[in-house]
Ligand code: 1GP
C-alpha cells in the first residue's frame, strides 16, 4: 500500500495518526538512537523530517540514521529543495496556499523536479495553510507571507477547499513550529466539515490533551515537534 492510501484508510476507519517532526538542524546525531527508541514505543505512526533552514546534507544523514532504528514511514517535510533526499519514503510536496508568494506556491516546486524525477519518493501534494498564532513563526519569516487570521474562518475553510479542488491530496493547517496557540478546535472542525481529503494539524501542540482535542475536532493526523525537543517526557504520556 502507498503511504497516502494508508492515511486515507486510517481516516476511513477513524484511526488517528501522530507524526513526530524531527528538525535536522536541532537533532544531534548522537541522540538519534535514544530518541527513536522512544518514538518506537509511542503511539506515533509517522516520522516527519524537515525544518525551515537546514544545511545541505544534514537531512539525508539524519534520515539514514533514523531508518536504521525504525520501521515507521519517514516523510520529508521540507522547508527548501535542498532537503530532498530519496533515502526517505515520501515527501509532502507542500504548496503554501495561505500565502501569495509565487516561490512557495509553485516556484520551489519547479526547482524540485530535477531532484525528484529519478527518486522513488512517494510524492504527496499537500495544501499548506499558515494560520496566525500570536507570534511570528519561521514559516512566515522564511516564506515572506502573511498567515491567515484566526478569525477569518471562512477564508481558511475556502482556502482548504480550493486546495482540495486543485487536486491536492492532504490539507495541513499549520500554526508554526513552537506556536503560542495551536490551531483552535473550531477552525479544525469547520475545515473538516467541508473537506473530503485527510486533514493534518500541527504547530504549538504540547500535550496529549491538546493532541486529543485536535483529533476530536477532526484532525486525521497531528504533528508534534517542539514539545519533544523541549521535553522528551511527553513520550511517557504517549506510550503504546
Ligand atoms: C511545525 O507543525 C509542525 O511545522 C510542528 O510544530 O514544532 O510546534 O510541534 P511544533
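Observations on the structure shown:
- Of all residues in region 221-240 being outside any helix (DSSP H, G or I) and within 14 Å of the ligand (Cβ to nearest atom), the one that is nearest to residue 44 (Cα to Cα): 238
- Test for residue 143: is it closer than 20 Å to residue 12 by Cβ and in contact with a helix residue (DSSP H, G or I) (Cβ under 8 Å, 6 or more places away or on another chain): no
- Looking only at region 167-193, and only at residues there that are away from the ligand (no atom under 16 Å from the Cβ) and touching a residue at least 40 places away in the same chain (Cβ under 8 Å), the one that is nearest to residue 148 (Cα to Cα): 168
- Consider region 194-220 and keep the residues that are within 13 Å of the ligand (Cβ to nearest atom) and touching a residue at least 40 places away in the same chain (Cβ under 8 Å). The one that is farthest from the chain's Cα centre (by Cα) is 211.
- Boolean, residue 17 is modelled with pLDDT of 95 or more, over 25 Å from residue 118 (Cβ atoms) and in contact with a helix residue (DSSP H, G or I) (Cβ under 9 Å, 6 or more places away or on another chain): yes
- Of all residues in region 166-176, those that are within 24 Å of residue 10 (Cβ to Cβ) and crowded, with 21+ Cβ neighbours inside 10 Å total 7.
- Residue match in region 116-128 (condition: without any contact (Cβ under 8 Å) to a residue 60 or more places away in the chain, closer than 14 Å to residue 80 by Cα and more than 15 Å from the ligand (Cβ to nearest atom)): yes
To keep it simple, each residue is scored yes or no on (1) at pLDDT 95 or above; (2) within 19 Å of residue 119 (Cβ to Cβ); (3) under 15 Å from the mean Cα position of the chain (by Cα).
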site	(1), (2), (3)
56	no, yes, no
83	yes, yes, yes
89	yes, yes, yes
99	yes, no, no
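- Taking the listed residues 85, 59, the one that is touching a residue at least 24 places away in the same chain (Cβ under 8 Å) and more than 16 Å from the ligand (Cβ to nearest atom) is 85, with no other qualifying.
- Residue in region 192-201 that is in a loop (DSSP other than H, G, I, E, B) and surrounded by fewer than 17 Cβ atoms within 10 Å (Cβ to Cβ) present: yes
- Considering residues of region 6-46 that are part of a loop (DSSP other than H, G, I, E, B) and out of contact with any strand residue (DSSP E or B) (no Cβ under 7 Å at 6 or more places or on another chain) only, the residue surrounded by the most Cβ atoms within 10 Å (Cβ to Cβ): 23
- Of the set (1) farther than 20 Å from residue 218 by Cα; (2) more than 14 Å from the ligand (Cβ to nearest atom), all apply to residue 156 but (1).
- Within region 32-41, the set of residues being within 17 Å of residue 224 (Cβ to Cβ) and either free of Cβ contacts under 8 Å to residues at least 24 places away in the same chain or within 16 Å of the ligand (Cβ to nearest atom) (or both) comprises 35, 38, 39.
The values are calculated or read from the model by the stated rules, or taken from the named source; none is laboratory data. Keep in mind that what you see is a predicted model, and the values were worked out from it rather than measured. Glycine also receives a Cβ, built like all others from the backbone with ideal geometry; neighbour counts cover every protein chain displayed.
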